[in-house]
Amino acid sequence: MATYNGERYLQEQLDTIVGQTYPIYELIVSDDHSTDNTWNILEDYASRYPFIRIVRHEGVRGINHNFFSAIRLASGDFIAISDQDDIWELNKIELQMKAIGEALLCSHKTKPFSENNLLVDYDSRVPNTGLLRVIEVSPCAGHSLLFRKELLEHFTPVDDCFFYDSQLVCVATALESLVFVNEVLTHHRRLLSSATVQKKFGNKISFSAVRQAWKLYRKHKPEMKKRAQVREKFLNGITPKTPAIQEGIRVSQLQYSSSFFDYLRLTGIYIRHRQEIFYTKESRPLIAFMRAVFFPIQRAIYRR
């Protein structure tokens, strides 16, 4: 768990972790130098539960550094990720341990909720977890992940452009070693101050949607090229190489190219993989084709 000024909801989340039906071997909490009562709460729980280990940074280092530093301290064979303000089902870890089998990573459905009138959507469909979808926007939230520690041996974390959870899911998907539990096991609190909250866009193709996406594409094209270059380097660092990784590298190269012909080649790949690049499969063939043609521009909304 990574914490930062989470005093308001922290105790509720900690209670759902220590109360798991699967015995918790250790709980590592990495605090990014909170200035509220978070550290006092952590000290209280650590004094009552010997398996809780708390670490405090001297200064604010950010989400990626906070989580990866905590992950590196883990001594167990399996690692689960927790936010500081969610609510776990008490059998979350038990069900994930049963489901993971020989896979490197297990995820599950999460259901958002809000206590501050923030509009939240819940999509109950089982998402695509193919690499071409994951490299754009991971459908598996960090707080849903349980993975084998050996997953960390297959890549080198990066600090730029995409979050720690996207990196973990990307590697597991590239190695075709991800399982998904079709049950809600985490209730995800959505706050306006959340580091990952973002506006949702629908999948309807309309003139206004195209115009809005085109504006975003023009505005964020330099940033998107930088992301593609970082992603290409990241994918090249994953071992062993798989056909999915090679395809992801090729897509990343086309994404940062300035050639119009490369843009057309990228569109061709999206058309060919049109059932893998969306959140779920598109049942309408013509709409699937049109969405795939539009996808190189629509990617501008995925800048997490």
Would you be able to say whether some residue in the stretch 262-271 is in contact (Cβ under 8 Å) with a residue 24 or more places away in the chain, surrounded by fewer than 17 Cβ atoms within 10 Å (Cβ to Cβ) and outside the structural domain of ILE135 (by TED's automatic domain parsing)?
-> yes
Which one is surrounded by the fewest Cβ atoms within 10 Å (Cβ to Cβ) among residues in the stretch 278-298 that are among the small types (Gly, Ala, Ser) and in a helix (DSSP H, G or I)?
-> ALA288
Would you check if SER34 is assigned to a loop (DSSP other than H, G, I, E, B), in the same structural domain as GLN84 (by TED's automatic domain parsing) and buried (at least 17 other Cβ atoms within 10 Å of the Cβ)?
-> yes
Filtering the stretch 13-26 down to residues that are out of contact with any helix residue (DSSP H, G or I) (no Cβ under 6 Å at 6 or more places or on another chain) and either surrounded by 13 or more Cβ atoms within 10 Å (Cβ to Cβ) or not assigned by TED's automatic domain parsing to the domain that holds PHE68 (or both) yields GLN13, ASP15, THR16, ILE17, VAL18, ILE24, GLU26
From the options ASN64, ASN128, residue that is assigned to a helix (DSSP H, G or I) and under 16 Å from the mean Cα position of the chain (by Cα) = ASN64
Quick one: in the stretch 93-125, which of the residues that are over 18 Å from the mean Cα position of the chain (by Cα) and among the charged types (D, E, K, R) is farthest from LEU27 (Cα to Cα)?
-> GLU115
Would you point out which residue out of GLU115, GLU43 is out of contact with any His (no Cβ under 6 Å at 6 or more places or on another chain), more than 19 Å from GLU183 (Cβ to Cβ), of a type outside the set (A, V, I, L, M) and touching a residue at least 60 places away in the same chain (Cβ under 8 Å)?
-> GLU115
Counted residues in the stretch 209-259 being within 18 Å of ALA292 (Cβ to Cβ) and surrounded by fewer than 18 Cβ atoms within 10 Å (Cβ to Cβ) come to 5
Inspect all residues belonging to the stretch 105-113 and state whether any of them is among the aromatic types (Phe, Trp, Tyr) and within 28 Å of GLN11 (Cα to Cα).
-> yes
Only one of (1) surrounded by 17 or more Cβ atoms within 10 Å (Cβ to Cβ); (2) closer than 25 Å to ARG274 by Cβ fails for LEU151. Which number is that?
-> (2)
Taking HIS65 as the residue in question, decide whether it is in contact (Cβ under 8 Å) with a residue 60 or more places away in the chain and more than 23 Å from LEU90 (Cβ to Cβ).
-> yes
Going by the conditions given, is GLU102 modelled with pLDDT of 90 or more, part of a loop (DSSP other than H, G, I, E, B), surrounded by fewer than 16 Cβ atoms within 10 Å (Cβ to Cβ) and not assigned by TED's automatic domain parsing to the domain that holds SER252?
-> yes
Single condition ILE41 does not satisfy, out of (1) touching a strand residue (DSSP E or B) at 6+ places or on another chain (Cβ under 6 Å); (2) modelled with pLDDT of 95 or more; (3) of a type in the set (A, V, I, L, M, F, W, C); (4) not in a strand (DSSP E or B) = (1)
In the list ILE93, ILE54, which residue meets the criterion of being among the aliphatic types (A, V, I, L, M), closer than 30 Å to THR156 by Cβ, modelled with pLDDT of 95 or more and part of a strand (DSSP E or B)?
-> ILE54
Could you grab me the full set of residues in the stretch 114-152 that are under 23 Å from ARG8 (Cβ atoms) and at pLDDT 90 or above?
-> ALA141, GLY142, HIS143, SER144
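The values are calculated or read from the model by the stated rules, or taken from the named source; none is laboratory data. Just so it is clear, the structure is predicted and the values come from calculations on it, not from any experiment. All Cβ positions, glycine included, derive from the backbone under ideal geometry; neighbour counts span all protein chains shown.
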